[in-house]
Amino acid sequence: MGNKPVYILGIESSCDDTSAAVLCNGKVLANIVAGQEVHRQYGGVVPELASRAHQAHIIPVVHEALALANITKNQLDAVAVTYGPGLSGPLLVGVSFAKGLSQSLQIPLIGVHHMQAHILSHFIDDANIVEGSLSHPQFPFLCLTVSGGHTQIVRVSSPFDFEILGETIDDAAGEAFDKGAKMLGLPYPGGPEVDKISQSGNPHAFHFPEPSVQGLDFSFSGLKTSLLYLIRDKVKENADFIDRNRADLAASFQKAIITVLIRKLQAAVQRTGIQQVALAGGVSANSALRYQLVMHAREHHWQVFIPKPAYSTDNAAMVAMAGYMRYKKGIFSSLYLSAQARLPIDEKETNPTKTDT
Ligand code: KG4
Ligand code: ZN
């Protein structure tokens, strides 16, 4: 490879964001994300509509990323693409596009695991804000991955070695935010709405019982049911209950989720003795979670790593970063790479790969 700069194109299409990014030696030159408004009216992602929107967006998004990075497609060294986990149709759009591009440009194709990419976003050059300064975690570190589909505590021993220490036994944290938001009459996706409205609410106004799940596993479905029952009972007494208490309900519900997340992280730190703790996934954009984690870390002398909001929610820069790490090791995917709706983070490659070392 010599000293020639390495340009990686990253592509992400696992859910409802179409994203393309260009990375040069680990630095982000462009990270374009096209969201999909079409799902709002349905209160959740409609997979078929998402696939169609990805098809419409993918070429313009890639063009925009290349233009912003000020390179041509012929300068690319590899194409990295999310191949799972996620929605099958949407994943297929990205994987098919990436295969076609890698074939036509005669450059390597690199399949990337979506949640590994969220975690590896911490290695993007300007990714982390740690009490005002920039830095990256050292291996091994713990990562709390919290997204719309996942809630896990992962021990990350290398860019290729992920071990799940605990995970949700029912809903993911992002799902809990989204379902809670729906009950409060907030639009989809609910997480950012709960975050926003909670800023003017009292987190102590309502009490939600803490889920009692052993070890490092999580459960959020009971919390969701508690909110449902509270609303149902109070609305019987006062039809305006939600309208009058929306901010307090949101803040209290949010606090209950965050309390569990931090308590389990604390248990994981105690169990492993690892005091470097990172956050990853869409819910890591939550302002209260970020604040509480920094406060907790200060008190307990942990080193915390929190990605910038742009790298917290779905983006292709993280995919390009994970791809760059594979590129440096010569770990490439073959044309048999296929979209995998379910793909455990700790599973060894399920797609045939070729290594050219
Ligand atoms: O990682 P992500 O963008 O997509 C998935 O891989 O699922 O995560 C999306 C999830 C959604 O549930 C969304 O409501 C939640 O992250 N989310 C938030 C915030 N921003 C996004 N949840 C709480 N507060 C936020 N600010
Ligand atoms: Zn994600």
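Every number in this text was worked out from the coordinates using simple rules, so none of it is lab data. Remember, it's a predicted structure, so these values are computed and weren't measured experimentally. Cβ placement follows ideal geometry from the backbone for every residue including glycine, while neighbour counts extend to all protein chains displayed.
Summary table below
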{"quantity": "Kyte-Doolittle mean at least -1.0 and Cα axial length at least 30 Å: DSSP H helices in the chain", "calculated": "47-69, 241-272"}
{"quantity": "Paramagnetic reach from T259 in the range 192-221 [backbone N under 17 Å; point 7 Å along Cα→Cβ]", "calculated": "201-214, 218-221"}
{"quantity": "Total charge dipole magnitude, the chain, about the Cα centre, Cβ charges on Lys, Arg, Asp, Glu only, Debye to nearest 20", "calculated": "280 debye"}
{"quantity": "Label zone at Q75 (point 7 Å along Cα-to-Cβ), backbone N below 13 Å, the range 1-36", "calculated": "5-9, 22-25, 29-30"}
{"quantity": "DSSP-defined beta bridges in the chain - what % are antiparallel, rounded to 5", "calculated": "65 percent"}
{"quantity": "Filtered GluC sites (Glu not before Pro), the range 99-178: DSSP coil and at most 14 other beta carbons within 10 Å", "calculated": "E131"}
{"quantity": "Estimated inter-spin distance, Y229 and H204, nm [label 7 Å along Cα→Cβ]", "calculated": "2.5 nm"}
{"quantity": "Around D240: net Lys/Arg minus Asp/Glu count, Cβ-Cβ under 14 Å", "calculated": "+1"}
{"quantity": "The chain - percent relative contact order, Cα under 8 Å, separation 6 or more", "calculated": "24 percent"}
{"quantity": "Rounded, prolate or oblate (a/c below 1.5 giving rounded, otherwise prolate when a/b exceeds b/c) for the range 41-176 by Cα gyration tensor", "calculated": "oblate"}
{"quantity": "Shape of the chain, Cα gyration tensor, a/c cut at 1.5", "calculated": "prolate"}
{"quantity": "Charge context of T18, other residues only, Cβ under 10 angstrom, K/R +1, D/E -1", "calculated": "-4"}
{"quantity": "Computed over the range 128-307: relative contact order in percent, which uses C-alpha pairs under 8 Å that are six or more apart", "calculated": "29 percent"}
{"quantity": "Residue order, fewest to most beta carbons within 10 Å, for D217, D17, D126", "calculated": "D126, D217, D17"}
